[in-house]
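Report on the following structure.
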Amino acid sequence: MAWHLGRIAGYTAVGALLGTFGRGVSMALTRSITPALPWVLAGALLLSALVPRQAWSHLPTLPGGTQIRRLWRWLRVNISQVPRAALLGALTPLLPCGLLYAMFAAAIASGSTGQGAVLGGAFALGAVPALAAAQLGSRWLARAPAWSRRVVPVVAALVLIWRAAMTTTHHACH
């Protein structure tokens with residue numbers, strides 16, 4: 001539970017920071033980037049589903065990896081299990097992940113600290129059921145066919161595209 005709460009806090013904080021950055025970008029532009037948000041998300045979801053996993057292995061590694069590992073070793077010795085789990089969860093936004101980069105782009109495109117925070121928190125919260133099932137040793141995740149893991153982001157992208165098209169043609173959000 002501490003790890004999940006740390007994850008949600010970490011993603012919410014990163015989303016808020018990126019939303020604030022996006023606000024600065026939006027202010028520098030003559031047009032709002034908010035209408036592009038569903039298209040950016042849909043494209044990133046499709047990329048995550050259709051690009052082979054091996055292609056993502058070429059993402060750059062985080063700078064300071066050695067220092068992070070050294071700090072982690074110190075924390076394992078000097079901090080008890082629950083706070084350590086929360087801290088580890090809070091650091092998960094630093095992991096390289098194609099879907100995570102889509103959330104980062106969405107938070108920037110939101111142009112708002114609050115919306116960025118909501119996007120980050122919702123992203124983390126949405127993953128809790130699958131991650132909790134994996135933590136609890138659910139074997140059905142391992143038995144799921146590889147193609148089924150690609151279906152969810154494709155369906156999500158199609159829903160985003162449909163909503164973006166409907167919003168554009170009807171000029172309404174709901």
Any pair with Cβ under 8 angstrom, 6 or more apart, that starts in the range 21-50 at a residue that is modelled with pLDDT of 75 or more and surrounded by 17 or more Cβ atoms within 10 Å (Cβ to Cβ) and ends at one that is outside any helix (DSSP H, G or I) and among the hydrophobic types (A, V, I, L, M, F, W, C): Gly22/Ile33
Some residue of the range 62-71 being among the hydrophobic types (A, V, I, L, M, F, W, C), modelled with pLDDT of 75 or more, more than 28 Å from Arg150 (Cβ to Cβ) and surrounded by 15 or more Cβ atoms within 10 Å (Cβ to Cβ): no
Leu136, sole failed condition from (1) surrounded by 12 or more Cβ atoms within 10 Å (Cβ to Cβ); (2) farther than 20 Å from Val14 by Cβ: (1)
Residue in the range 99-126 that is surrounded by the most Cβ atoms within 10 Å (Cβ to Cβ), counting only those that are farther than 26 Å from Ser57 by Cα and at pLDDT below 85: Ser110
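The values are calculated or read from the model by the stated rules, or taken from the named source; none is laboratory data. No experiment lies behind these values; they were computed from the predicted model shown. Note: ideal-geometry Cβ built from the backbone for every residue, glycine included; neighbour counts use all protein chains shown.
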